Amino acid sequence: MMLNTEGLEKKINKQGKTVYFVDDTGAVVGKRCTGCEIDLPIEAYQVHKPYLGGRKSKCKRCTKLYEQNRKKKLKEKVEN
């Protein structure tokens with residue numbers, strides 16, 4: 001499900017942290033996940049309006065793994 005970046009313009013946000021890709025109309029069509037660092041289409045990210053392109057910075061897969069690890073750590077903390 002990697003993004004085909006051919007014909008797309010690569011850009012970096014003002015903070016220099018987020019790499020994203022725009023088409024010839026200027027619409028954000030893909031981003032580089034800050035978790036796995038893979039270029040993915042914009043649909044691979046959860047909707048979050050304040051973020052670049054209206055999507056979160058980590059892909060759905062990385063977000064799911066993060067949440068699973070967070071819940072596991074919380075459960076271990078409660079058990080101790």
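The values are calculated or read from the model by the stated rules, or taken from the named source; none is laboratory data. Please read all numbers here as calculations on a predicted model, not as lab measurements. Don't worry about glycine lacking a Cβ; one is built from the backbone with ideal geometry, like all the others, and counts go over all protein chains shown.
Values for this structure:
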read-out: Unmet criterion (only one of (1) touching a residue at least 24 places away in the same chain (Cβ under 8 Å); (2) under 10 Å from the mean Cα position of the chain (by Cα); (3) closer than 23 Å to residue 7 by Cα) for residue 42; value: (1)
read-out: Of the criteria (1) in contact with a Gly (Cβ under 6 Å, 6 or more places away or on another chain); (2) among the hydrophobic types (A, V, I, L, M, F, W, C); (3) at pLDDT 95 or above, which one residue 3 fails; value: (3)
read-out: Count of residues meeting criterion [among the basic types (Lys, Arg) and farther than 18 Å from residue 17 by Cβ] in the stretch 27-80; value: 10
read-out: Among (1) among the basic types (Lys, Arg); (2) surrounded by 12 or more Cβ atoms within 10 Å (Cβ to Cβ); (3) in a loop (DSSP other than H, G, I, E, B) - the single one residue 61 does not satisfy; value: (3)
read-out: Candidates 16, 53 - the one that is touching a residue at least 12 places away in the same chain (Cβ under 8 Å) and at positive phi; value: 53
read-out: Residue 20 vs. criteria of a type in the set (Ser, Thr, Tyr), within 17 Å of the chain's Cα centre (by Cα) and in a strand (DSSP E or B); value: yes
read-out: Of all residues in the stretch 1-17 being under 13 Å from the mean Cα position of the chain (by Cα) and exposed (fewer than 12 other Cβ atoms within 10 Å of the Cβ), the one that is nearest to residue 65 (Cα to Cα); value: 2
read-out: Leading residue by the ranking (farthest from the chain's Cα centre (by Cα)) among those in the stretch 45-80 that are aromatic (Phe, Trp, Tyr) and within 24 Å of residue 9 (Cβ to Cβ); value: 51
